[in-house]
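First up is the structure itself, then whatever we jot down about it.
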């Protein structure tokens with residue numbers, strides 16, 4: 001069986017061999033992560049209830065520390081450059097990564113004029129939302145173990161359209177890196193059934209701040225326009241707490257009643 005597999009490998013093109021080798025590394029890596037997850041489940045089950053807060057927060061702090069130590073500064077700057085030069089920015093993240101994608105796209109909207117959050121429950125809808133992606137655009141794909149096949153297919157599709165691709169994932173062995181031209185790595189280990197997304201969120205925060213610094217005029221203009229819009233339509237008067245006097249103004253204006 002091993003000889004047959006080696007024969008098939010030898011007949012592949014250089015690119016095919018590279019992809020097959022990468023896929024094998026991914027399979028081994030994911031298998032190891034699944035085994036590690038089972039060990040984590042057992043170890044966390046033994047933590048005394050009064051130590052859970054301390055242990056989990058300490059673990060999250062350690063993930064941020066490791067992410068910072070292993071951060072690729074050049075990849076970080078490349079990601080910022082790619083986003084700054086893009087005509088349209090697409091962001092996708094499925095399942096537990098959906099909040100990360102939503103958070104990133106929300107703030108990118110304040111920096112860039114055309115940002116699209118790709119949210120879907122089917123592969124067909126992903127292609128529908130990405131059908132107009134082109135080489136001057138960028139797709140940011142976010143995925144951590146257990147990796148999303150939908151996110152991976154979105155990255156593959158963007159890659160075939162010659163668009164820029166940025167992955168935010170947990171390892172150089174992540175399958176997203178097969179189709180990504182820029183890889184941002186953040187540690188994310190499972191604690192029981194919960195995926196720790198503290199380090200990825202911190203990395204995304206850093207990316208947003210870096211982009212804001214390089215587009216200060218555009219961001220300031222957007223915020224001024226937004227403030228003027230809110231003042232004109234009096235959104236804050238109906239929906240925000242006024243803490244200016246040290247006490248919250250809990251009165252609500254009835255939208256159906258006009259001031260006399």
TODO: For segment 120-166, name all the residues that are outside any helix (DSSP H, G or I), in contact with a helix residue (DSSP H, G or I) (Cβ under 7 Å, 6 or more places away or on another chain) and without any contact (Cβ under 8 Å) to a residue 40 or more places away in the chain.
DONE: 120, 165
Task: segment 99-119, residues that are touching a residue at least 40 places away in the same chain (Cβ under 8 Å), out of contact with any strand residue (DSSP E or B) (no Cβ under 7 Å at 6 or more places or on another chain) and assigned to a helix (DSSP H, G or I) - done: 99, 103, 107
Task: Candidates 165, 136, filtered to the one that is at pLDDT 90 or above, farther than 15 Å from residue 95 by Cα and more than 15 Å from the chain's Cα centre (by Cα) - done: 136
Open item on the list: Condition first: surrounded by fewer than 23 Cβ atoms within 10 Å (Cβ to Cβ), closer than 20 Å to residue 71 by Cβ and touching a strand residue (DSSP E or B) at 6+ places or on another chain (Cβ under 7 Å). Can you find one or more residues in segment 148-171 that meet it?
Closed with: yes
TODO: Return the pairs, sorted by first residue and then second, in which the second residue is surrounded by fewer than 16 Cβ atoms within 10 Å (Cβ to Cβ) and in a helix (DSSP H, G or I), the first residue lies in segment 210-225 and is modelled with pLDDT under 90, the beta carbons are less than 7 Å apart, and the residues are 6+ apart or on different chains.
DONE: 219/212
Task: All positions within segment 172-195 that are assigned to a loop (DSSP other than H, G, I, E, B), surrounded by fewer than 20 Cβ atoms within 10 Å (Cβ to Cβ) and at pLDDT below 90 - done: 172, 173, 189, 192, 193
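The values are calculated or read from the model by the stated rules, or taken from the named source; none is laboratory data. Remember, predicted model here, so these are calculated numbers, not experimental data. As a convention, Cβ positions derive from the backbone with ideal geometry for all residues, glycine included, and neighbour counts pool all protein chains shown.
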